Amino acid sequence: MKYPLPIEKLMRALQRLPGVGRRTAERYAFDLALDWEKEELDLLQGALSDAKEHLTTCPICGALKDGQECFFCQDTRRRKDLLAIVATAREVFALEATGEYRGQYHVLGSLLSPLDGRGDERLRMAPLFSRLQKGEIKEVVFALDSTLEGDATALFLKEQLEPFSLSISRLAFGIPVGSSLEYVDGGTLARAFLGRATF
Ligand SMILES: [Zn+2]
């Protein structure tokens, strides 16, 4: 099927979004082109350019910031001795949303992927070392995916952080909240067993 060129171009752009296939892109493209008012489209356009122009990453923690100050590094109410290491800037917000964590963050920028040849040159290690050298951080939590890449990265980090005397932990893996044991796969159950906590 041949779409008018502007629709086709819009669809191609939208399809680059995660989880958007051709059908969804088609729906979005028609909706935007036919139903949205000019002012609404201008707002969207403005929001997109703002996101590109005004968002930067904090040189210390690697989280996103929209002004001079980093929301996480500059907040004096957060614990200074506790550091969570995450792979992406998005995961910072996932941890924040739990409301359980009030420490510092360090965004690695990537995970190691030995199979894809993605090595440690992609990880933000230098800023991590300079933070740890200051000696303020005493405890580090690896908040990394429960995947091969996450495991490889955790092992690598553990080795790298050896020279600093830190208490290191990794987020527990286990049974999803609200699920019944009989529906949990063997691998998850095994890890939940290993990571069992005192009750
Ligand atoms: Zn920061």
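The values are calculated or read from the model by the stated rules, or taken from the named source; none is laboratory data. These numbers come from a predicted model, not from an experiment. A quick note on method: Cβ atoms are made from the backbone with ideal geometry, for glycine too, and the neighbour counts reach across all protein chains shown. Keep in mind that these areas ignore ligands, DNA and RNA; they rest on the heavy atoms of the full protein, side chains included. Shrake-Rupley method; radii C 1.70, N 1.55, O 1.52, S 1.80 Å.
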**Every residue from segment 86-125 that is basic (Lys, Arg), assigned to a loop (DSSP other than H, G, I, E, B) and away from the ligand (no atom under 14 Å from the Cβ)** = 102
**Message:** away from the ligand (no atom under 13 Å from the Cβ) and open to solvent by 90 Å² or more (accessible area, probe 1.4 Å): is that true of residue 40 in this structure?
**Reply:** no
**Among residues of segment 2-19, those that are open to solvent by 100 Å² or more (accessible area, probe 1.4 Å) and either among the charged types (D, E, K, R) or in contact with a strand residue (DSSP E or B) (Cβ under 7 Å, 6 or more places away or on another chain) (or both), counted** = 4
**Request:** May I ask you to verify whether residue 168 is assigned to a loop (DSSP other than H, G, I, E, B) and open to solvent by 50 Å² or more (accessible area, probe 1.4 Å)?
**Result:** no
**Request:** Would you please list the contacts, defined by Cβ atoms under 8 Å and residues six or more apart or on different chains, that run from a residue in segment 69-85 that is over 23 Å from residue 56 (Cα atoms) and in a loop (DSSP other than H, G, I, E, B) to a residue that is within 12 Å of the ligand (Cβ to nearest atom) and not small (Gly, Ala, Ser)?
**Result:** 79/104
**Request:** Mind counting the residues in segment 51-64 that are more than 7 Å from the ligand (Cβ to nearest atom) and either over 14 Å from the mean Cα position of the chain (by Cα) or without any contact (Cβ under 8 Å) to a residue 12 or more places away in the chain (or both)?
**Result:** 7
**Request:** Quick one: which residue in 90, 22 is open to solvent by 20 Å² or more (accessible area, probe 1.4 Å), among the basic types (Lys, Arg) and within 17 Å of the chain's Cα centre (by Cα)?
**Result:** 90
**Asked** Residues 75, 35, 31: which one is within 16 Å of the ligand (Cβ to nearest atom), among the acidic types (Asp, Glu) and over 17 Å from the mean Cα position of the chain (by Cα)?
**Response** 75
**Asked** Quick check: is even one residue across segment 137-144 among the β-branched types (Val, Ile, Thr) and either without any contact (Cβ under 8 Å) to a residue 12 or more places away in the chain or open to solvent by 40 Å² or more (accessible area, probe 1.4 Å) (or both)?
**Response** no
